[in-house]
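The structure appears below as structure tokens.
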Amino acid sequence: MTTTPTAAIALGSRPVLADLLPAAGTRARALVADAVLVLTGTLLVAGLSQVLVPLPFTPVPLSLGTFGVLLVGAALGPLRATVSLALYLLAGIAGVGWFAGGASGWQFASFGYLLGMVLAAAVVGALARRGVDRSVWRTTLAGLLAGVVVYALGVPWLMVFLGVDLPTALALGVVPFLVGDAIKALLAAALLPGAWALVGRLR
């Protein structure tokens, strides 16, 4: 048996994939289940962040971390996804070396992108609550929007940290990643609607 959270029903929004898991018997068990989902999302993003493509001409790493953000945001919904990415961010600041390339702390050029990842998870989660992740094209657009959100915080940080102007920051921190962003959005568009189609066949 599966349930949809009362809050989601009250807001007239749709369930996300995590809401389809079997309901816990008590409030305490439900909280434990949410904590496990949050931690799983954190570990997924941390793990994917270690998958790197070296780019020696920019201090911003190309990793699969932002792909993890798309999956976690859509699967967990806005609240759990935000907590999951906030945990990833705060633990990394505290010294856990699970940012891209095993980095930790906050005093590095790409830290603003990590801030953007938290916000992007919330945005993708909110869109998933509206059923965006059930369509290939809408999921693709949501993935591209998430990239814009990450850049919106990452580029200003890069400018200040490196002391460069906007065109230089765009050349270093946006242009080299556009193709990768498109590929990640398309991968998410293949996985998420496919997951919903599978759920529909199994229910």
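Of note:
- Within the stretch 32-57, the set of residues being touching a Gly at 6+ places or on another chain (Cβ under 8 Å) and at pLDDT below 95 comprises 52, 53.
- Looking only at the stretch 24-60, and only at residues there that are among the aliphatic types (A, V, I, L, M) and assigned to a loop (DSSP other than H, G, I, E, B), the one that is farthest from residue 107 (Cα to Cα): 24
- In the stretch 60-73, the residues that are hydroxyl-bearing (Ser, Thr, Tyr) form Cβ pairs under 7 Å with partners that are not in a helix (DSSP H, G or I), at six or more places apart or across chains, as follows: 63/49; 63/51; 63/52.
- Of all residues in the stretch 65-90, those satisfying the criterion of being under 11 Å from the mean Cα position of the chain (by Cα) and either at pLDDT below 95 or surrounded by fewer than 21 Cβ atoms within 10 Å (Cβ to Cβ) (or both) are 78, 86.
- Sub-7 Å Cβ pairs linking a first residue in the stretch 25-53 that is surrounded by 11 or more Cβ atoms within 10 Å (Cβ to Cβ) to a second residue that is part of a helix (DSSP H, G or I) and polar (S, T, N, Q), at least 6 apart or interchain, are 38/84; 41/84; 42/84, ordered by first then second residue.
- Conditions (1) surrounded by 13 or more Cβ atoms within 10 Å (Cβ to Cβ); (2) closer than 25 Å to residue 128 by Cβ; (3) among the small types (Gly, Ala, Ser); (4) free of Cβ contacts under 8 Å to residues at least 12 places away in the same chain; number of the one not met by residue 200: (1)
- Filtered residues of the stretch 29-65 (kept if among the polar types (S, T, N, Q) and either farther than 26 Å from residue 155 by Cβ or in contact with a Phe, Trp or Tyr (Cβ under 7 Å, 6 or more places away or on another chain) (or both)): 40, 42, 49
The values are calculated or read from the model by the stated rules, or taken from the named source; none is laboratory data. Owing to the predicted nature of the structure, the values given are computational and were not obtained by experimental measurement. FYI the Cβ positions are ideal-geometry reconstructions off the backbone, even for glycines, and counts take in every protein chain you see.
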